[in-house]
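Colleague: Got a structure for you, questions after.
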Protein chains: 2
Amino acid sequence: MFFDSHVHTEGLGISELKKMKESGIEKVCSLSFYPIKPYFPQTLIDGFRKLEEFESRRCEILGIQMFPGVGIHPRCIPPNYMTVVEHLEAGEWVLFGELGIEKANEEEREVFVSQIRVAMKKDIPCVIHTPRENKRIITSKILEILENISFPPELAVVDHVNFENLDLVFEKNYWIGLTVQSGKLSPQEVVKIVKEYGSDRFLVNSDSGYRNEFLNAVAETAKILENEAKKVCLRNAERFLGV
Amino acid sequence: MFFDSHVHTEGLGISELKKMKESGIEKVCSLSFYPIKPYFPQTLIDGFRKLEEFESRRCEILGIQMFPGVGIHPRCIPPNYMTVVEHLEAGEWVLFGELGIEKANEEEREVFVSQIRVAMKKDIPCVIHTPRENKRIITSKILEILENISFPPELAVVDHVNFENLDLVFEKNYWIGLTVQSGKLSPQEVVKIVKEYGSDRFLVNSDSGYRNEFLNAVAETAKILENEAKKVCLRNAERFLGV
């Protein structure tokens, strides 16, 4: 039994979810992402309901326990985004994500900071995206922001970590997300990282959805991780979520 | 080359769209449907953009030409739905759908009528859903509404037609949608209908998306339709859309 800690079930069809389940994935975090820049904050608010009500049910029917992650992804910040942040502040949530920074402009920083402040106040774990472009520089900025507000390290996964930013994140105490997909990490690279840095703080995920098809990435990685698989492909994600 | 005239690409993963393409589907109508009742009309308005900008691009990359259908499905009527209708009135569209009636309450009728009035004014083809429950009675109501406003028959597909309501729709002049999926029609039943009623007014579709997995329904039906396939699995849909 494995846990894929970062997927977007909204971009996956039913036969793909079945394939994930058949590969051994029994738990997933399904994170908010809207594939265009929305014109209205309301779109995201309804999107969170869609994730919580419809997507979780779709997973449940297939035997996958789904933990919905809500929040504003840096690539889909709507106008009047504080409407969304206030909605997050007013509600009950199990997880925030994807949050993060893509280009590090002022708006992205404000959106990120306002959301992690809510997470701190309400004790909600956060999945934090790091971008493809300028990964090392942007990761430094993310870590600086987290430290500036003394964000509790156990509540954050810094995600999509690879050889470009691994040292930066490893010297702090956050959880570290390793994404196995074409253009990110291979299962073999995950094994290399885990052998070198230990298995205590890593969570493996596929980031499946919309475009990415490596649905059994976590299961394939678990196979070659051997003894470490249980921690980095299941237990660490459960500890992060407190479940 | 086939045309699946009723799908919801938003509920399909990339490997499923590929499978459709491999079965011979090169054109689809991807219709609006929000899988929960939205709290905000803005959610649908952004959803139409998502369909036009993101989903059509996702199909295009795979070699599928996608015609986006916009509008309010009777199962997802938001509060202040006139905001959506006004948006439809103000914009440029290739297709409306799914419109229709599910239970025939006052609100559904109003939403349906206000949308088909816009369609008439702007000369936009409409895909009109008929429900599973009380199909015959609701179909009568739909036909009555269309006739009351003298809706141009060539602009409407009455969809999900089966043996319960076929005679009612056939005696009018609308296009007739035959949906091949578990619980609706089998490919063999489509063949039976086409042999009996002729191939001039039928459009075959799969209604794929979210839950339905019979992705190559149109291609499978085309195989056994033989000579009639070109019309009911391609040309009629093109004529309906005027492409």
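No lab work stands behind these numbers, since they all come straight from the coordinates. Just so you know, these numbers come straight off a predicted model, no measurement behind them. Please note: Cβ atoms are built from the backbone with ideal geometry, for glycine as well, and neighbour counts cover all protein chains shown.
Colleague: In segment A:18-36, what residues are more than 17 Å from residue A:61 (Cα to Cα) and more than 9 Å from chain B (Cβ to nearest Cβ)?
Modeller: A:31, A:32, A:33
Colleague: Within segment B:55-66, can one find any residue that is under 29 Å from residue B:137 (Cβ atoms) and in contact with a Lys or Arg (Cβ under 7 Å, 6 or more places away or on another chain)?
Modeller: no
Colleague: In contact (Cβ under 8 Å) with a residue 12 or more places away in the chain and crowded, with 23+ Cβ neighbours inside 10 Å: does that describe residue A:215?
Modeller: Yes; evaluated as a whole, the condition is true for this residue.
Colleague: Still on this model: Are any of the residues in segment B:111-125 closer than 26 Å to residue B:224 by Cα, crowded, with 19+ Cβ neighbours inside 10 Å and either in contact (Cβ under 8 Å) with a residue 24 or more places away in the chain or not acidic (Asp, Glu) (or both)? Show your work before the answer.
Modeller: Going through segment B:111-125, the residues closer than 26 Å to residue B:224 by Cα turn out to be none.
No.
Colleague: Out of (1) more than 10 Å from chain B (Cβ to nearest Cβ); (2) assigned to a helix (DSSP H, G or I); (3) free of Cβ contacts under 8 Å to residues at least 24 places away in the same chain, what's the single condition that is false for residue A:15?
Modeller: (1)
Colleague: How do the strands (runs of 3 or more DSSP E) wholly within segment A:154-239 filter down when requiring 3 or more residues that are away from chain B (no Cβ under 14 Å) and acidic (Asp, Glu): which remain?
Modeller: Correct list: empty, since no element meets the threshold.
Colleague: Could you tell me how many of the residues in segment A:39-53 are among the acidic types (Asp, Glu) and either touching a helix residue (DSSP H, G or I) at 6+ places or on another chain (Cβ under 7 Å) or more than 7 Å from chain B (Cβ to nearest Cβ) (or both)? Before you say what the answer is, go through the steps one by one.
Modeller: Step one: list which residues in segment A:39-53 are among the acidic types (Asp, Glu), which gives A:46, A:52-53.
Still in the running and either touching a helix residue (DSSP H, G or I) at 6+ places or on another chain (Cβ under 7 Å) or more than 7 Å from chain B (Cβ to nearest Cβ) (or both): A:46, A:52.
Total satisfying the criteria: 2.
Colleague: Which condition breaks for residue A:49 when tested against (1) buried (at least 20 other Cβ atoms within 10 Å of the Cβ); (2) closer than 20 Å to residue B:48 by Cβ?
Modeller: Condition (1) is where residue A:49 drops out.
Colleague: (1) among the acidic types (Asp, Glu); (2) in a helix (DSSP H, G or I); (3) more than 14 Å from chain A (Cβ to nearest Cβ): which one isn't true of residue B:133, the others all being true?
Modeller: Exception for residue B:133: condition (2).
Colleague: Every residue in segment B:142-161 that is surrounded by fewer than 17 Cβ atoms within 10 Å (Cβ to Cβ) and more than 16 Å from the chain's Cα centre (by Cα), please.
Modeller: Hits for segment B:142-161 are B:144, B:147, B:148, B:149, B:150, B:152.
Colleague: Quick one: how many residues across segment B:177-210 are in contact with a helix residue (DSSP H, G or I) (Cβ under 6 Å, 6 or more places away or on another chain) and more than 15 Å from residue B:161 (Cα to Cα)?
Modeller: Of the residues in segment B:177-210, 2 are in contact with a helix residue (DSSP H, G or I) (Cβ under 6 Å, 6 or more places away or on another chain) and more than 15 Å from residue B:161 (Cα to Cα).
Colleague: Let me ask you something else. Applying the selection to segment A:92-102, what residues are on the phi < 0 side of the Ramachandran plot and surrounded by 13 or more Cβ atoms within 10 Å (Cβ to Cβ)?
Modeller: Those that are on the phi < 0 side of the Ramachandran plot and surrounded by 13 or more Cβ atoms within 10 Å (Cβ to Cβ): A:93, A:94, A:95, A:96, A:98, A:99, A:101, A:102.
Colleague: Oh, and also: Looking at segment B:15-27 only, could you name the residues that are out of contact with any Cys (no Cβ under 7 Å at 6 or more places or on another chain) and surrounded by 22 or more Cβ atoms within 10 Å (Cβ to Cβ)? Reasoning before the result, please.
Modeller: Of segment B:15-27, the ones out of contact with any Cys (no Cβ under 7 Å at 6 or more places or on another chain) are B:15-16, B:18-27.
Answer for segment B:15-27, where residues must be out of contact with any Cys (no Cβ under 7 Å at 6 or more places or on another chain) and surrounded by 22 or more Cβ atoms within 10 Å (Cβ to Cβ): B:20, B:25.
Colleague: Would you pick out the residues in segment B:141-195 that are acidic (Asp, Glu) and more than 18 Å from residue B:233 (Cα to Cα)? Talk me through it step by step, then tell me what you get.
Modeller: First, the residues of segment B:141-195 that are acidic (Asp, Glu): B:144, B:147, B:154, B:159, B:164, B:167, B:171, B:189.
B:144, B:147, B:164, B:167, B:171 - these are the residues of segment B:141-195 that are acidic (Asp, Glu) and more than 18 Å from residue B:233 (Cα to Cα).
Colleague: Could you check segment A:179-212 and list, in sequence order, the residues that are more than 28 Å from residue B:61 (Cα to Cα) and surrounded by 15 or more Cβ atoms within 10 Å (Cβ to Cβ)?
Modeller: Passing the criteria: A:189, A:190, A:191, A:193, A:194, A:199, A:201, A:202, A:203, A:204.
Colleague: Among the listed residues B:213, B:226, B:164, identify the single one that is more than 18 Å from the chain's Cα centre (by Cα) and either of a type in the set (A, V, I, L, M) or more than 16 Å from residue B:3 (Cα to Cα) (or both). Reasoning before the result, please.
Modeller: Values: B:213 fails: more than 18 Å from the chain's Cα centre (by Cα); B:226 fails: either of a type in the set (A, V, I, L, M) or more than 16 Å from residue B:3 (Cα to Cα) (or both).
Just a single option satisfies the conditions, and that option is B:164.
Colleague: Quick check on my filter: what residues within segment A:54-91 are within 11 Å of chain B (Cβ to nearest Cβ), surrounded by 19 or more Cβ atoms within 10 Å (Cβ to Cβ) and closer than 24 Å to residue A:26 by Cβ?
Modeller: A:55, A:58, listed by residue number.
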